[in-house]
Amino acid sequence: MAGSAAARAQLRVGRLVKAHGLKGALKLELYTDDPDGRFTPGAVFTLQVPEASPWHGKTVTVRDFRWMNSHPVVFLQDIDDREAAEGLVRAILWIDQDETDAPEDDAWYDHQLVGLDVVRGGDVVGRVARVDHLPSQDLLIVRLAGTDDEVLVPFVKAIVPEVDVAAGRVVVTPPAGLFEALPDDSADEADAAPAHESADEDAAS
């Protein structure tokens, strides 16, 4: 759901999840509403990988993009076999954002989210301190109002159904226990409604 606020704005558009076949192809988890537009031949992506990875600080270039059995699959330059592809599994792909691009649905830069009030049940319960990007999902790190305590909120529609940058707030509907330190949680526990059903993570970018 979020893009980074680096020196040059970037958007997270995908994650390499699995090697596919023997010719270097990789299955993608998409975080973009326009995969065919983003993954055109020649498109260059910055890699987010652990610092110990030989790919740290490097970029990759798209050689080809296809849909195979309804799954998005990408071929990258200089990745010509399965062994090379395996070395990129779990890498997150970022692309420089062209300021002339139309914004994608449900996509925000980190700097747009940091500082927003976090509203739960109509009450402000904290503020977004930062956004952490993990291989599985994004997390909003929420600083609780009046404390130095932080709560990690999965940035998915089931828990964060509304982001209103103009109004300066995000609305959260967390499952029971996520905001244990908040007042009245213990009083409401017996009557708490079941947690929201899981929903797909927003495509970010």
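The values are calculated or read from the model by the stated rules, or taken from the named source; none is laboratory data. Here the structure is a predicted model, which is why all the values come from computation and not from measurement. Here Cβ is always computed from backbone atoms with ideal geometry, including for glycine, and neighbour counts include all displayed protein chains.
Results for (1) closer than 27 Å to Leu139 by Cβ; (2) modelled with pLDDT under 90, shown as yes or no for each residue.
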site: Ala5; (1), (2): yes, yes
site: Arg8; (1), (2): yes, yes
site: Arg12; (1), (2): yes, yes
site: His20; (1), (2): no, no
site: Leu28; (1), (2): yes, no
site: Thr32; (1), (2): yes, yes
site: Gly37; (1), (2): no, yes
Determine whether Leu16 is touching a strand residue (DSSP E or B) at 6+ places or on another chain (Cβ under 6 Å), at pLDDT 90 or above, assigned to a strand (DSSP E or B) and surrounded by 20 or more Cβ atoms within 10 Å (Cβ to Cβ). yes
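Just name the residue that is farthest from the chain's Cα centre (by Cα) out of those in the range 10-44 that are among the basic types (Lys, Arg) and under 21 Å from Arg82 (Cα atoms). Working first, answer last.
Taking the range 10-44 first, the residues among the basic types (Lys, Arg) are 12, 15, 18, 23, 27, 38.
Subset that is under 21 Å from Arg82 (Cα atoms): 15, 18, 23, 27.
Working: Arg15: 10, Lys18: 18, Lys23: 28, Lys27: 17 Å.
Checking each candidate, the answer is Lys23.
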Among the residues of the range 87-123, the number that are out of contact with any Lys or Arg (no Cβ under 8 Å at 6 or more places or on another chain), in a strand (DSSP E or B) and at pLDDT 80 or above is 2
Test: residue in the range 39-62 that is at pLDDT below 85, out of contact with any Cys (no Cβ under 9 Å at 6 or more places or on another chain), surrounded by 14 or more Cβ atoms within 10 Å (Cβ to Cβ) and outside the structural domain of Ile159 (by TED's automatic domain parsing): no
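Determine, yes or no, whether Val165 is under 16 Å from the mean Cα position of the chain (by Cα), of a type in the set (A, V, I, L, M) and at pLDDT below 90. Don't jump to the end; show me each part of the working.
Working: under 16 Å from the mean Cα position of the chain (by Cα): no; of a type in the set (A, V, I, L, M): yes; at pLDDT below 90: yes.
No.
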Pull out all pairs, ordered by first then second residue, where Cβ-Cβ is under 8 Å, the residues are six or more apart or on different chains, the first lies in the range 40-68 and is on the phi > 0 side of the Ramachandran plot, and the second is among the polar types (S, T, N, Q). Gly42/Thr61
Would you mention how many residues in the range 132-164 are outside any loop (DSSP other than H, G, I, E, B) and within 19 Å of Arg12 (Cα to Cα)? 9
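Here is a yes/no grid of residues against (1) part of a strand (DSSP E or B); (2) over 18 Å from His133 (Cα atoms):
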residue: Pro41; (1), (2): no, yes
residue: Thr46; (1), (2): yes, no
residue: Ala52; (1), (2): no, no
residue: Val62; (1), (2): yes, yes
residue: Val74; (1), (2): yes, yes
Keeping to the range 162-179, report how many residues are within 22 Å of His111 (Cβ to Cβ) and surrounded by fewer than 16 Cβ atoms within 10 Å (Cβ to Cβ). 6
